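To start, the structure under review is shown below, and the notes come after it.
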Amino acid sequence: MTDKTEDLRSYAGEERIRKGTQAGMPPVDPATRRDRGDGPFDRLILRGATIIDGTGAPPISPADIVIEGGRIAAIEKVGLPRKLSPDSRRPAKGDREIDCRGKYVTPGFVDCHAHIGVPYHALSGPMAPADYVYKLWLAHGVTTVREMGCFNGLGWTLDQKAKAASGEIAAPRILAYPYFPAVNDMLKTIHTPAQAREWLRAVKARGADGIKFFGAPPAIMQAALDECRELGLRSGCHHAQQAVTRMNSLTTARWGLTSQEHYYGLGEALFENRLIQDYSPEYDYGDEYFRFSFAGQTFKQAAAPGSAKWNAVMDEYLELGFSFVPTFTIYDANRDLMRTRRADWHDAYTYASLWTFYQPDGGGHGSYWHRWSTTNEVEWKQNYRLWMQFINEFKNRGGRVATGSDSGFIFQTFGFGFIRELELLQEAGFTPLEVLRSATIQGAELLDVADEVGSIEVGKAADLLVHDQNPLADFKLLYATGAMRLNQETNKVEWPRILRHTIKGGIVYDVEELLADVRDMVAESRRASPELPRP
């Protein structure tokens, strides 16, 4: 092995964080210990549950779920919905039992586009630690995340992945997808196809699960995707506007890309009267207002729903077995800034520097609100209607749509953004069972971990959620704040929420304990930085 190869194996996947650290944007503080969660137990039993298994099957009850060594050992039907079997005919007693009569158990959620904090936030004040992010995810039922970009560094992410897997920290399962450094507007260290292949072999050797692309020159991108296929690395791409004119997401799907992130590249694949989006003469991608205002005009320049072009593009994506991770939630503020900015949770759950980062800023990523207008919001509403129509039709015709949040930007706070994505998938036309399927087994299949998680089946890891009520009835009740409801008997407003326990690998987390920790962290962040703006 040459010195150059040895150096690449230690450096590949660290490019962005090394550059960021030099610019005052170091990695977030990692989690180092687990201070919440009970177990795992030799034998944990969930008694009398109504199961929604994640496959799309409707609820069924009652059942006892037996968990041994962190895995589902048995699922036994124990009577009828209103008539339980005698104890003598049910599984033997466990070391820990949870009474789930009247409660619903689902698989843990899979967030296919997540970031464990964002080093950019350091420019807005002391950063939230990873523990803040993890606890918000667990408190919203997220038990698996695909870390898209490894912005804290691949080594940092792999360390946290190992600690999460062993139960050493309170965190979801983590899959590491480092950033492929090949676009000028972010960081470019790869300039040839040979360098691309060498870099990919290096991150694979270090333990990467897949790759996060933003694009690259076509020859490099094609070689990289070919190498990913050879190495067994899955891939997702945010087709950045600086690269999408040379290859849209249908082009990269043909080359072997696993999933498209967001909407970039889809609208361009649907163009039929142009190859490049029509930009005004004053457009400058470096100005975030231009970047996001013009992004809301993409689909109105594309082929109409039901047209020959629309159907041809849809057919080819389906034939290729492609997947979409739309992350509707991260652009939700573009449709209604006031609603997103004044969301119920910011007061108690949005960290001080995160809130500061969200505010209008001429240079901050996703902080383009200094001139956001009614016209911008209307254009984005129209953009969503077409975008959602394509994604829903793709799902209806058998395509895979997985759930991702991309929180940490644009007024979307960790955990809360994931639940908002469930609501937006329903708005797109998914039935509640289809939404849950997208958020569980479909995500697990995309990430190639469906043998381990994503559905409630014997032999799989015990990543389970215990809900006080049926989550399919109203996803709003999954928010950590709950949802505003009027108690008809007392005539008082209440804020019920339904997620009671998050179980990850057989470790039982009390959601209220997790949320209490987060509220304390947020309050302390504001005490420590009184000069920062507040919600």
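The values are calculated or read from the model by the stated rules, or taken from the named source; none is laboratory data. Worth saying up front: this structure is predicted, and the values here are computed from it rather than measured. In this analysis, Cβ positions are derived from the backbone assuming ideal geometry, glycine residues included, and neighbour counts consider all displayed protein chains. These area figures cover heavy atoms from the full protein model, side chains too; ligands, DNA and RNA do not enter into them. Shrake-Rupley method; radii C 1.70, N 1.55, O 1.52, S 1.80 Å.
Descriptive notes on the structure:
- Options Tyr283, Tyr289, Tyr264, Tyr279: the member that is among the aromatic types (Phe, Trp, Tyr), touching a helix residue (DSSP H, G or I) at 6+ places or on another chain (Cβ under 9 Å), within 23 Å of Ser407 (Cα to Cα) and without any contact (Cβ under 8 Å) to a residue 60 or more places away in the chain: Tyr264
- When Gly108, Gly125, Gly79, Gly117 are checked against the criterion of being small (Gly, Ala, Ser) and free of Cβ contacts under 8 Å to residues at least 40 places away in the same chain, Gly79 stands alone in meeting it.
- Among the residues of region 323-354, those identified as assigned to a loop (DSSP other than H, G, I, E, B) and either open to solvent by 10 Å² or more (accessible area, probe 1.4 Å) or under 24 Å from Met127 (Cβ atoms) (or both) are Thr327, Arg335, Asp336, Arg342, Ala343, Asp344, Trp345, Thr350, Tyr351.
- Any chance Asp99 is under 30 Å from Ala176 (Cα atoms) and of a type outside the set (Ser, Thr, Tyr): no
- Of the helices (runs of 4 or more DSSP H) lying entirely inside region 118-232, those carrying at least 3 residues that are in contact with a Phe, Trp or Tyr (Cβ under 9 Å, 6 or more places away or on another chain) and within 30 Å of Gly482 (Cα to Cα) are 130-139.
- Residue ID - farthest from the chain's Cα centre (by Cα), chosen from residues in region 368-398 that are within 22 Å of Pro326 (Cβ to Cβ) and polar (S, T, N, Q): Asn376
- Of all residues in region 360-376, those being in a helix (DSSP H, G or I) and either of a type in the set (D, E, K, R) or buried (at least 17 other Cβ atoms within 10 Å of the Cβ) (or both) number 3.
- Yes/no for Leu250 being crowded, with 23+ Cβ neighbours inside 10 Å, in contact (Cβ under 8 Å) with a residue 40 or more places away in the chain and hydrophobic (A, V, I, L, M, F, W, C): no
- Residue in region 260-278 that is open to solvent by 30 Å² or more (accessible area, probe 1.4 Å), in contact with a Leu (Cβ under 8 Å, 6 or more places away or on another chain) and over 23 Å from Gly415 (Cα atoms) present: no
- Residue selected from region 179-205 under the condition modelled with pLDDT of 95 or more and of a type in the set (S, T, N, Q), by the criterion least open to solvent (accessible area, probe 1.4 Å): Thr192
- Residue that is farthest from Ser10 (Cα to Cα) [pool: residues in region 210-223 that are in contact (Cβ under 8 Å) with a residue 40 or more places away in the chain and out of contact with any Lys or Arg (no Cβ under 7 Å at 6 or more places or on another chain)]: Phe213
- Residues that are open to solvent by 10 Å² or more (accessible area, probe 1.4 Å) and within 14 Å of Ile17 (Cβ to Cβ) within region 123-178 comprise Met127, Phe151, Gly155, Trp156, Leu158, Asp159, listed in sequence order.
- Checking every residue in region 96-106 against the condition of being more than 30 Å from Val435 (Cα to Cα) and open to solvent by 40 Å² or more (accessible area, probe 1.4 Å) gives at least one match.
- Options Lys212, Lys188: the member that is under 23 Å from Gly117 (Cα atoms), over 24 Å from the mean Cα position of the chain (by Cα) and not hydrophobic (A, V, I, L, M, F, W, C): Lys188
- Residues of region 377-402 classified as more than 18 Å from Leu250 (Cα to Cα) and open to solvent by less than 10 Å² (accessible area, probe 1.4 Å), total: 3
- Residues in region 221-232 that are of a type outside the set (Gly, Ala, Ser), under 12 Å from Ile211 (Cα atoms) and either open to solvent by 10 Å² or more (accessible area, probe 1.4 Å) or at pLDDT below 95 (or both): 3 in all.
- For Phe357, the test of being within 16 Å of Pro533 (Cα to Cα), buried (at least 21 other Cβ atoms within 10 Å of the Cβ) and in contact with a helix residue (DSSP H, G or I) (Cβ under 6 Å, 6 or more places away or on another chain) is passed.
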